[in-house]
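Everything below concerns the one structure shown next.
The values are calculated or read from the model by the stated rules, or taken from the named source; none is laboratory data. Predicted model, so just to flag it, every value in this text is computed and none were measured. Backbone-built Cβ (ideal geometry, glycine too); neighbour counts: all protein chains shown.
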Amino acid sequence: MTEVMLAPMAGVTDKPFRQMVRLFGNHKTYTEMIGVESLARNHPMTRKMMDIHDEKNVVVQLVGVNQKAMVYAAKMAQDMGAVGIDINMGCPVKKLISNGSGAALLKTPKIAADLVEQVKKSVDIPVSVKMRIGWDSEHINAVDFMKQLESAGVDSIAVHARTKAEGYSGLPHFDVVAEMKRQSRLPIIANGNVIDKTSAEAALAVTQADGIMIGRGALGKPWSLSEIETGILKPIDLEQMASQHFDLLLNYYGTHGVFIARKHLAWYAKGQKNVAEFCQKVYAETDCLKIRKIIHDFLRGKQ
């Protein structure tokens, strides 16, 4: 199996989640996307997201179009110990699209290439891009876009094999990723609908990619990267995993971690009997001790 890594996911791949993934191996993990202009304005939470000094094998993902702010953020990430800088060119969120960043860069390849070139000049660590295959089905420009990024000096490219218009629906177009790989001299990472070893092997068989990036398949399953990489399904104590993640969130966010934990606890419980009742109780409670009891009562002894 080629390298398996954790995809950047806004609101998900924070430090506590990365810590949970790292319990199962030193996989390459990506931060949530960090807004470079917010960082340049010294926004406290954005600076907190950038603090990876005590972690290993972390790539910092940046989003924005302001070159000066992007370079500032890239240098800070390098100083923090990042093993790479990733520039987001695939997020379909309207707020980012409206300011020309994220997936909007697929429509402005010159601006995208200039960003890569400026960041490459400013840091000594690898610079990658995470992109989509195009804006919509009528404008799939993945190969041409990739070639411009190559000329700008990008070191690798991760491809979510859908268009911006498709969002997260429908089957990924791994044939497009395969064509990118055929025409590229760079490492190409495949992303989209990979949830287990079977789907990973199927994606690799089509794309011949150099690695696999796991996104939503890791929600509530921080051990999934290890399972996909090794093919070994080890017994998992869901109560222990959910409780440990809950504690990490509280340590990182303080009392606000209670609210952030809700979605994660729902993901851990997904597929279990009476999960709706569990989620209802978790979402209605704000007392940490009571939430721990809810986790214990529902997930005790479950795998």
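Within the range 18-37, residues that are closer than 16 Å to Lys234 by Cα reach partners that are among the hydroxyl-bearing types (Ser, Thr, Tyr) with beta carbons closer than 6 Å, at six or more positions or on different chains, in the pairs Val21/Thr29; Phe24/Ser226; Gly25/Ser226.
Against the conditions (1) touching a strand residue (DSSP E or B) at 6+ places or on another chain (Cβ under 6 Å); (2) over 20 Å from Glu32 (Cβ atoms), Glu239 satisfies every one except (1). Look at (1) assigned by TED's automatic domain parsing to the domain that holds Asp136; (2) touching a helix residue (DSSP H, G or I) at 6+ places or on another chain (Cβ under 9 Å) and you find that Phe246 fails only one, number (1). Scanning the range 263-279 for residues that are surrounded by 13 or more Cβ atoms within 10 Å (Cβ to Cβ) and more than 21 Å from Trp223 (Cα to Cα) yields Phe278, Cys279. When the test is whether a residue is surrounded by 14 or more Cβ atoms within 10 Å (Cβ to Cβ), over 26 Å from Met45 (Cβ atoms) and not polar (S, T, N, Q), Ile260 does not pass it.
Hey, can you tell me all the residues within the range 42-70 that are under 20 Å from Leu106 (Cα atoms) and of a type in the set (Val, Ile, Thr)? Within the range 42-70, Val63, Val65 qualify.
Among the residues of the range 146-164, those identified as closer than 23 Å to Val93 by Cα and basic (Lys, Arg) are Arg162, Lys164. Apart from one condition, Gly231 fits all of (1) in contact with a Lys or Arg (Cβ under 8 Å, 6 or more places away or on another chain); (2) surrounded by 20 or more Cβ atoms within 10 Å (Cβ to Cβ); (3) modelled with pLDDT under 95; the exception is (2). If you go through the range 55-79 and keep only what is surrounded by fewer than 23 Cβ atoms within 10 Å (Cβ to Cβ) and either more than 19 Å from the chain's Cα centre (by Cα) or touching a residue at least 60 places away in the same chain (Cβ under 8 Å) (or both), you end up with Val65, Asn66, Gln67, Lys68, Ala69, Val71, Tyr72, Lys75, Met76, Asp79.
Among the candidates Asp51, Asp14, the residue that is of a type in the set (Asp, Glu) and more than 21 Å from Ala69 (Cα to Cα) is uniquely Asp14.
Take the residues in the range 256-303 that are in a helix (DSSP H, G or I), β-branched (Val, Ile, Thr) and at pLDDT 95 or above; name whichever of them is farthest from the chain's Cα centre (by Cα). Per the stated criteria, the residue is Ile294.
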